[in-house]
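> Here it is, the structure, as structure tokens.
What follows draws every value from the coordinates through simple rules; no lab data is involved. Keep in mind the model is a prediction, meaning the values are calculated, not measured. Glycine gets a Cβ as well: all are built from the backbone with ideal geometry, and neighbour counts include every protein chain shown.
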Amino acid sequence: MAYEKRDMSGTLFKNDKREKDTHPHATGSCIIDGVEYWVNAWTKDGAKGKFQSLAFKRKEERREDIKREADRSGSSYGQQPDDFGSDEIPF
């Protein structure tokens, strides 16, 4: 039986790509009120023992962040650069 995404639920998986202490211990996604979110989780030590700290980010925001970063760097998101007008090889 395949996993079915349902509203007000989600999944977390161990982050095998964790390289720094600031990277989350687990990552995943969830749906809240019909909106999809990315979820990051960190295991932390507190006064009462270990706990999970969570951060949520709308899935659309990640695409907008990538587009904003491309605009800042001067390239066009999802488009090829226009500076290949000459016949010279660019490398």
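> Between Lys59 and Ser73, what length in nm is gained on full extension when 0.36 nm per residue of separation is reduced by their alpha carbon distance?
2.8 nm
> Using amide H atoms built in the peptide plane, which far-off residues or other-chain residues are under 5 Å from Asn15 H to H?
Ala26, Thr27
> Could you tell me which of Phe13, Gly28, Ile66 has its Cα farthest along the dipole of the stretch 9-73 towards the positive end, charges placed at Cβ (Lys, Arg +1; Asp, Glu -1), taken about the Cα centre?
Phe13
> Test of understanding: ordering Asp7, Asp33 by Cβ neighbours within 10 Å, fewest first, what list do you get? Don't skip to the answer; put the middle values down first.
Numbers: Asp7 10, Asp33 6.
So the ranking, lowest neighbour count to highest, is Asp33, Asp7.
> In whole Hz, with x marking every Gly and Pro, tabulate ³J(HN,Hα) for the stretch 30-41 from phi via Karplus 6.51 cos²θ - 1.76 cosθ + 1.60, θ = phi - 60°.
Once rounded to whole Hz, the list reads 8, 10, 10, 6, x, 9, 7, 10, 7, 10, 10, 9.
> At 0.36 nm per residue, and after removing the present C-alpha to C-alpha distance, how many nm does the segment from Ala2 to Gln52 gain when stretched out fully?
15.3 nm
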